[in-house]
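*Asks:* Below are the structure tokens for one structure; questions will follow.
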């Protein structure tokens, strides 16, 4: 009898403990190591100990000047602001493009939905780096996408909007950077939206129609609020990795596009200043944790309302 009572409790602890152990091993521990490096003194390639014992006196030596530099230097502020700006723009564009597609997928026939889902996931079958390099060829000189935009005089509109430097110059611009990021992260917006919209109870839509609501009113008043969880999840899946993106800005944004991923690379490998690079990384992690905390709070509130 005692054994029958203990096993469910033990199994519950194992199920809960494994994810926590995974987070502790692969997130908390590396974060603590980076945090330690950010407040350490660096002597050539050796980090000085934070705790030293001398004559029975335990001393704690922490260098906080890197955090003051990161807060005061305009370079880091510009890089963080640019990263947040492009991440926000990418998220909004992915939502504007992905929501109609996910809605269409959720309302399509059951036999067609697997095909549409496969089309969304098809880019993952190819290397991320190859896909980004492909856009360099498509937007470069004599690329067919570039030739099509120039033929349609879209490049003039982009130049007027200050998204490219001049007509015909599509590469290494804010336009090419944003296009590459939207293309890359669009599936991360579509998939959670589709999962949420596919489970939407159509009886709410039928009730709104029976009450005389226009289809657009039903969409804004019923469908969008009920799919809010999918919107939040998709937005976080796009926004968070976009902040620290390095490959796409490097290949499509050009040298004039300074984002925090490039600053991290320079501090680690060009300047060989690991404490400063770790400081930038810690600040970036804190910036990412804020939307995650808001999302968790929103989920908790939603579950309380349902209960």
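The values are calculated or read from the model by the stated rules, or taken from the named source; none is laboratory data. These numbers were taken from a predicted model, which means no experiment stands behind them. Virtual Cβ from ideal backbone geometry, glycine too; neighbours counted across all protein chains shown.
*Asks:* Could you please find all residues in the range 41-79 being surrounded by 12 or more Cβ atoms within 10 Å (Cβ to Cβ) and farther than 30 Å from residue 258 by Cβ?
*Replies:* 49, 50, 61
*Asks:* Shifting gears a bit: Inspect all residues belonging to the range 141-153 and state whether any of them is under 20 Å from residue 258 (Cβ atoms) and either more than 18 Å from the chain's Cα centre (by Cα) or buried (at least 20 other Cβ atoms within 10 Å of the Cβ) (or both). Please lay out each step first, then the result.
*Replies:* Just the residues of the range 141-153 that are under 20 Å from residue 258 (Cβ atoms), to begin with: none.
No, there is no match, as no residue in the range 141-153 is under 20 Å from residue 258 (Cβ atoms) and either more than 18 Å from the chain's Cα centre (by Cα) or buried (at least 20 other Cβ atoms within 10 Å of the Cβ) (or both).
*Asks:* Could you check the range 123-152 and list, in sequence order, the residues that are modelled with pLDDT of 90 or more and either under 30 Å from residue 107 (Cα atoms) or not in a helix (DSSP H, G or I) (or both)?
*Replies:* Listed by number, the residues that qualify are 131, 152.
*Asks:* Is one or more of the residues making up the range 246-257 in a helix (DSSP H, G or I), modelled with pLDDT under 90 and loosely packed, with under 13 Cβ neighbours inside 10 Å?
*Replies:* No.
*Asks:* When the residues of the range 24-67 are narrowed to those that are touching a strand residue (DSSP E or B) at 6+ places or on another chain (Cβ under 9 Å) and part of a helix (DSSP H, G or I), which ends up nearest to residue 273 (Cα to Cα)?
*Replies:* Per the criteria, the residue is 37.
*Asks:* Applying the selection to the range 167-200, what residues are assigned to a loop (DSSP other than H, G, I, E, B) and either touching a helix residue (DSSP H, G or I) at 6+ places or on another chain (Cβ under 6 Å) or in contact (Cβ under 8 Å) with a residue 24 or more places away in the chain (or both)?
*Replies:* Just the residues of the range 167-200 that are assigned to a loop (DSSP other than H, G, I, E, B), to begin with: 167-173, 199-200.
Listed by number, the residues that qualify are 167, 168, 170, 171, 172, 173, 200.
*Asks:* Hey, another quick one. Quick one: residue 291 ticks every box in (1) at pLDDT below 90; (2) in a helix (DSSP H, G or I); (3) surrounded by 18 or more Cβ atoms within 10 Å (Cβ to Cβ) except a single one, so which number is it?
*Replies:* (3)
*Asks:* Another one. I need the full set of residues from the range 154-166 which are in contact with a helix residue (DSSP H, G or I) (Cβ under 7 Å, 6 or more places away or on another chain) and either assigned to a helix (DSSP H, G or I) or surrounded by 15 or more Cβ atoms within 10 Å (Cβ to Cβ) (or both), in order please.
*Replies:* Kept after step one, since they are in contact with a helix residue (DSSP H, G or I) (Cβ under 7 Å, 6 or more places away or on another chain), are these residues of the range 154-166: 155, 158, 163-164, 166.
155, 158, 163, 164, listed by residue number.
*Asks:* Of the residues 70, 88, 106, 102, which single one is touching a residue at least 12 places away in the same chain (Cβ under 8 Å), under 16 Å from residue 275 (Cβ atoms) and assigned to a helix (DSSP H, G or I)? Walk me through how you get there before you give the answer.
*Replies:* Numbers: 88 fails: under 16 Å from residue 275 (Cβ atoms); 106 fails: under 16 Å from residue 275 (Cβ atoms); 102 fails: under 16 Å from residue 275 (Cβ atoms).
Answer to the selection: 70.
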